[in-house]
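The values are calculated or read from the model by the stated rules, or taken from the named source; none is laboratory data. Everything numeric here is computed off the predicted structure, so don't read it as measured data. Cβ: placed from backbone, ideal geometry, glycine included. Neighbour counts: every protein chain shown. For accessibility, only protein heavy atoms count, side chains too; no ligands or nucleic acids. Shrake-Rupley method; radii C 1.70, N 1.55, O 1.52, S 1.80 Å.
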Amino acid sequence: MNPSSQPAAGFRQPAETSSLPAGMAWAAVRLLLAASDIYAVLMLTYLALRLFSGDRLWPVALLNNFTPWILLPALPVLILLLTARRWWRAALTGPGVAALMWLYGGLFLPNPPPPPCAASDGCTALTVMTYNTGCGLIEPDDLIAVLRDSEADIIALVEVTADEVPLLNAALAEVYPYRVLYGYGIPGIGLLSRYPILEHELFDLSTHAFPYLRARLDVEGRPLTVIAAHPPPPGLEGLRAYRIPGTPDFPLLADAAVSDGPTLLIGDLNTSDQSENYQRLAEAGLQDSFREAGWGLGLTFPASGANMPSLVRIDYIWHTPGFHAVRAWTGPDAGSDHLPVTAQLIWLP
């Protein structure tokens, strides 16, 4: 061997595999870019179908339940693509970020200050809560503790069981002297109130599935209508279709809520805030307390009773004009498959 061809002492020849890390890195970059392309195409397809079909295509209606989870990845993907100067790929992801900001950006901004409220001016402060108790999923002591600790003035309950009715009547008589409870299980429904319940009725709408509860309350001399609602839940029919059986009830429910003076419409409505059913209520003039004064996505279902993280917002406190939501939030997980929702309202004179 020629001595000149031998490496000098203290030096090593480059490893034959020194280019492997660079190759692996480039493969990872290509994989990420391909994933971003696939995501952008699927996300844009969803947005286009949603824009032109609404809930008429059942796959779109199903995906509308998960709109924030479809759009949230667009933000980090866009940042990465801009950092990497992949301009046209960033342009494909941009509409997803724009849609995310348009649909949900307001939920992450500070709430405007509430109007001044003084009892001497005829203004009333109300704390309102709705809770799907999960048809017996909650331990009785835990349920009673959540309701007591809420300090709510009015509570709508759905999926009340026959076993829960005597327990609630006995444990909450002092805190909520006015109670209407129908322990029918999943169709069960009820109302707890610190204010006198002057009259109440169960009524059906188009579906005749679960009954609705309407009550007239006397709130410091002012009449208030409260509708506790629980339309039937949507579901998949195998892999063939996604059905929303409660849809026919929503126009009638909206009419009932806006035609009887100051009204609260509260309960598990089994519809997301991106559905056409939600829009029907908003277009009728009702206001969503959480959209008005909540912070974050406000996800309520499923909770621990379903052994899954919360994915959708389907529990609501709606009100007619004349109320102003000061604050709205989801409550503690007590074991139901739903989280409770509470709102502090100002009822203007």
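If you filter segment 295-321 down to residues that are surrounded by fewer than 17 Cβ atoms within 10 Å (Cβ to Cβ) and at pLDDT 95 or above, you find that the one that is farthest from the chain's Cα centre (by Cα) is Pro321.
The set of residues from segment 152-204 being among the basic types (Lys, Arg) and open to solvent by 80 Å² or more (accessible area, probe 1.4 Å) comprises just one member, Arg194. Restricting Asp149, Asp141 to those that are outside any strand (DSSP E or B), under 23 Å from the mean Cα position of the chain (by Cα) and surrounded by fewer than 14 Cβ atoms within 10 Å (Cβ to Cβ) reduces the list to Asp149. Going by the structure shown, is Ser289 touching a His at 6+ places or on another chain (Cβ under 8 Å), buried (at least 22 other Cβ atoms within 10 Å of the Cβ) and among the hydroxyl-bearing types (Ser, Thr, Tyr)? When the stated conditions are applied, Ser289 passes them.
Here is a yes/no grid of residues against (1) of a type in the set (Phe, Trp, Tyr); (2) under 21 Å from Tyr104 (Cβ atoms):
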site	(1), (2)
Ala40	no, yes
Ala48	no, yes
Leu62	no, yes
Phe66	yes, yes
Trp69	yes, yes
Leu75	no, yes
Ile79	no, yes
Thr83	no, no
Trp87	yes, no
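Just one of the numbered conditions (1) within 11 Å of the chain's Cα centre (by Cα); (2) within 23 Å of Gly188 (Cα to Cα); (3) open to solvent by less than 40 Å² (accessible area, probe 1.4 Å); (4) not basic (Lys, Arg) is not true of Asp273: (2).
For Val77, the criteria (1) aliphatic (A, V, I, L, M); (2) within 24 Å of the chain's Cα centre (by Cα); (3) surrounded by 19 or more Cβ atoms within 10 Å (Cβ to Cβ) hold in every case but one, which is (2). Close Cβ contacts (under 6 Å, 6 or more residues apart or on different chains) running from residues in segment 219-247 that are under 17 Å from Arg280 (Cα atoms) to residues that are open to solvent by less than 40 Å² (accessible area, probe 1.4 Å) and charged (D, E, K, R) comprise His230/Asp268; Pro231/Asp249.
One residue stands out in segment 104-138 among those that are more than 21 Å from the chain's Cα centre (by Cα) and among the hydroxyl-bearing types (Ser, Thr, Tyr): the one that is modelled with the lowest pLDDT, namely Ser120. Taking the numbered list (1) over 20 Å from Leu297 (Cβ atoms); (2) in a helix (DSSP H, G or I) in turn, Asp55 passes all entries but (2).
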